[in-house]
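Step one of this worksheet: look at the structure below.
The values are calculated or read from the model by the stated rules, or taken from the named source; none is laboratory data. What you see is a predicted model; the values in this text were computed from it and never measured. Glycine also receives a Cβ, built like all others from the backbone with ideal geometry; neighbour counts cover every protein chain displayed. For accessibility, only protein heavy atoms count, side chains too; no ligands or nucleic acids. Shrake-Rupley method; radii C 1.70, N 1.55, O 1.52, S 1.80 Å.
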Amino acid sequence: MLLSKVASPVLRVVLMLAAVVSAGPAPAAAAGTDSFARPRLPEPWRPWTQEEWTAPAGRYCAFPLRVQVVSQDVRVRVVDRYPDGAVRREEFAGPLVVDFVDVSTGRMTRRDAGGSGAADYRPDGGWLRYTIVGPAGFGFRAGDHYPQGYYLLDGLHVITFDAAGTRRMAVAVGKQDNVCQTLAGPA
């Protein structure tokens with residue numbers, strides 16, 4: 001995560017502690033090497049492209065939701081791997097501006113979604129946890145453990161995934177703007 005982007009010193013400390021705790025204990029040193037494990041350095045940053053997409057009516061919103069990229073310069077890097085080489089954790093960062101569009105009405109709202117985040121994966125490649133220092137977008141479906149919608153999350157948010165892929169908002173510090181409600185207009 002890009003902690004320098006976080007203005008609050010208290011939030012930076014919380015994020016650093018969360019990163020240390022979620023990383024788990026350091027791996028034991030290999031036989032015949034120093035008695036202390038050497039920390040692995042993150043791999044180099046590489047470009048990452050946010051693709052445009054459309055979710056059908058009912059997935060996040062009552063209407064089909066389209067996300068159109070206006071501008072981006074997002075990058076990603078691998079921070080940790082499993083012993084077999086599979087990615088354990090990736091970091092994402094960089095500017096991203098998107099238009100959220102209600103496909104049925106054409107109503108649109110433009111938002112900055114260029115926060116940073118860390119994705120933790122299970123050994124099989126499935127999602128385990130996604131930590132966001134927003135703003136960044138994330139969707140919850142019917143059956144998830146959070147109200148259905150597509151949210152622009154600003155602040156510190158941690159989403160966890162059980163083995164079946166059900167999503168839960170484990171930490172929510174900051175704003176959660178449901179763009180489905182924004183696009184639907186006043187009730």
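The table that follows gives values for the structure above.
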read-out	value
Paramagnetic reach from Val103 in segment 139-180 [backbone N under 18 Å; point 7 Å along Cα→Cβ]	139-142, 149-151, 179-180
Cα-projected label distance for Ala62 with Tyr82, points at 7 Å along beta-carbon direction, nm	4.2 nm
Linear extension gain, Thr54 paired with Val70, 0.36 nm per residue minus alpha-carbon span	4.3 nm
Accessible-area composition of segment 32-187, carbon plus sulfur, in percent [1.4 Å probe]	53 percent
